[in-house]
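Q: Just dropping this structure here.
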Amino acid sequence: MKLYHTIREAYNTYKESLNYWLIFASLSYKGKQERKTVVFYPELPRSRHILGRIFRILRYQITTDLQAAGKAAFVVSWEDTTFRRQLPELLNLSANRLVINSGSLDISKTYVDTTFGKVFGYQTLIDPTTYQGLCVKKGDINALHNGSIVACPVAYPEDGFIYQKLINNQTGVFIEDIRVPVFLHDIPFVYVKNRPVDSRFGSKNTKCVMVPTHQVLSAIEVTNIIEFCKQMRLDYGELDVLRDREDGKIYIVDVNNTPGGPPHNLSRVDEIRALRKLTAAFIKNFIEAAPAKSTNTAVIQQ
């Protein structure tokens, strides 16, 4: 059995390397043949993390050695946690160059909703001690998937949890989530994910497809999403967005500045397509545009 798993892991590594090579071969951009370095700090991305996969496709050397930052093509603030430390090493570097996501220090659901309210003019958070009806209770920390539906009012709200409006994103027997990748001012496409209603707060999708941005989000919504990312100081990441069937509005309910993926149950063909489109979006917005700092002009992909 151990030998079987060893062989299977070796095969999967070979298959992924082949896919990365095919994606790399299909891309065309200035400086493609140069071997470059990217510094992730203080942590390295894992194999599932999208940005790490993009840099592996582009054949970058990935390191956490800050001594390499002076000659590195990119420096990325990378700490897989809800509340990041403001590290003086990265703060000093960001004074003279773009350090990707150096300002993205808080992705708690409370901060996400507060920022969302400032940009969109409405929020999801409710006061559970006075609200009447059903609401969503979930942890303030990212990626816990511990949500539940509770009846309000609640006499004693639980510490560490937030209470939100119950958004009706149900379509038939499924709920529908929109996963939005963002590269500075660019949303290259979105994922539309479906799960059974009783798995509303899970991470395993029944179906996941890639959809052109303009088919899911309006121009105003894209502009507001980019402004939201600016306020969150998010240069790169992915957002979880829900559209309420009753009021028609979108709600940003989660932000991930170290996203993994592509999402569960995306077809193998679409997974390769997604990685190619994500890599092309990084080339367009970070390599070809070569921003010194973040920019925030919305772009809709047709």
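Q: So which of 118, 109 is of a type in the set (Lys, Arg) and within 19 Å of the chain's Cα centre (by Cα)?
A: From the options 118, 109, the qualifying one is 109.
Q: Among the residues of segment 165-187, is any crowded, with 20+ Cβ neighbours inside 10 Å, within 30 Å of residue 97 (Cα to Cα), in contact with a His (Cβ under 7 Å, 6 or more places away or on another chain) and in contact (Cβ under 8 Å) with a residue 40 or more places away in the chain?
A: no
Q: Another question about this same structure. For segment 214-225, indicate whether the set of residues that are in a strand (DSSP E or B) and crowded, with 20+ Cβ neighbours inside 10 Å is non-empty.
A: Scanning segment 214-225, I find no residue that is in a strand (DSSP E or B) and crowded, with 20+ Cβ neighbours inside 10 Å, so the answer is no.
Q: Next question. Considering only segment 59-116, state which residues are part of a loop (DSSP other than H, G, I, E, B) and among the β-branched types (Val, Ile, Thr). Spell out the reasoning first.
A: The first filter runs over segment 59-116 and keeps only residues part of a loop (DSSP other than H, G, I, E, B), leaving 59-60, 64-65, 69-73, 79-82, 84-87, 95-98, 101-105, 107-108.
Passing the criteria: 64, 81, 82, 107.
Q: Something else about it: For segment 112-139, what are the residues that are more than 22 Å from residue 152 (Cα to Cα), in contact (Cβ under 8 Å) with a residue 40 or more places away in the chain and either of a type in the set (Val, Ile, Thr) or loosely packed, with under 14 Cβ neighbours inside 10 Å (or both)?
A: Residues satisfying the conditions are 112, 115, 118, 119.
Q: Just name the residue that is surrounded by the fewest Cβ atoms within 10 Å (Cβ to Cβ) out of those in segment 154-164 that are assigned to a loop (DSSP other than H, G, I, E, B) and touching a residue at least 12 places away in the same chain (Cβ under 8 Å).
A: Filtering first and then ranking leaves 155.
Q: So which of 255, 222, 216 is outside the structural domain of residue 80 (by TED's automatic domain parsing) and within 15 Å of residue 113 (Cβ to Cβ)?
A: Values: 222 fails: within 15 Å of residue 113 (Cβ to Cβ); 216 fails: within 15 Å of residue 113 (Cβ to Cβ).
Of 255, 222, 216, the one residue that is outside the structural domain of residue 80 (by TED's automatic domain parsing) and within 15 Å of residue 113 (Cβ to Cβ) is 255.
Q: Look at segment 67-93 and say how many of its residues are touching a residue at least 12 places away in the same chain (Cβ under 8 Å) and within 19 Å of residue 292 (Cα to Cα).
A: Adding up the residues that qualify gives 13.
Q: Kindly list the number of the only condition in (1) over 29 Å from residue 40 (Cα atoms); (2) at pLDDT 95 or above that fails for residue 101.
A: Checking residue 101 against (1) over 29 Å from residue 40 (Cα atoms); (2) at pLDDT 95 or above, the one that fails is (1).
Q: Further, regarding this structure: Quick one: is residue 51 hydrophobic (A, V, I, L, M, F, W, C) and either exposed (fewer than 14 other Cβ atoms within 10 Å of the Cβ) or farther than 18 Å from residue 181 by Cα (or both)?
A: Values: hydrophobic (A, V, I, L, M, F, W, C): yes; either exposed (fewer than 14 other Cβ atoms within 10 Å of the Cβ) or farther than 18 Å from residue 181 by Cα (or both): no.
Taking the combined requirement at face value, the residue does not satisfy it.
Q: Out of all the residues in segment 100-144, which are touching a Ser or Thr at 6+ places or on another chain (Cβ under 6 Å) and either aromatic (Phe, Trp, Tyr) or closer than 16 Å to residue 160 by Cβ (or both)?
A: 107, 108, 113, 137, 140, 141, 142
Q: Is it the case that residue 94 is among the hydroxyl-bearing types (Ser, Thr, Tyr), out of contact with any His (no Cβ under 9 Å at 6 or more places or on another chain), modelled with pLDDT under 95 and exposed (fewer than 14 other Cβ atoms within 10 Å of the Cβ)?
A: no
Q: How about segment 281-302: which of its residues are more than 17 Å from residue 52 (Cβ to Cβ), under 17 Å from the mean Cα position of the chain (by Cα) and modelled with pLDDT of 95 or more?
A: Of everything in segment 281-302, just one residue is more than 17 Å from residue 52 (Cβ to Cβ), under 17 Å from the mean Cα position of the chain (by Cα) and modelled with pLDDT of 95 or more, namely 285.
Q: Quick one: residue 191 ticks every box in (1) within 17 Å of residue 167 (Cα to Cα); (2) touching a residue at least 40 places away in the same chain (Cβ under 8 Å); (3) in contact with a Cys (Cβ under 9 Å, 6 or more places away or on another chain) except a single one, so which number is it?
A: With respect to (1) within 17 Å of residue 167 (Cα to Cα); (2) touching a residue at least 40 places away in the same chain (Cβ under 8 Å); (3) in contact with a Cys (Cβ under 9 Å, 6 or more places away or on another chain), residue 191 is out only on (1).
The values are calculated or read from the model by the stated rules, or taken from the named source; none is laboratory data. A quick note: this is a predicted structure, and the numbers were derived from the prediction, not measured. With ideal geometry, Cβ positions are generated from the backbone for all residues, glycine too; neighbour counts draw on all protein chains shown.
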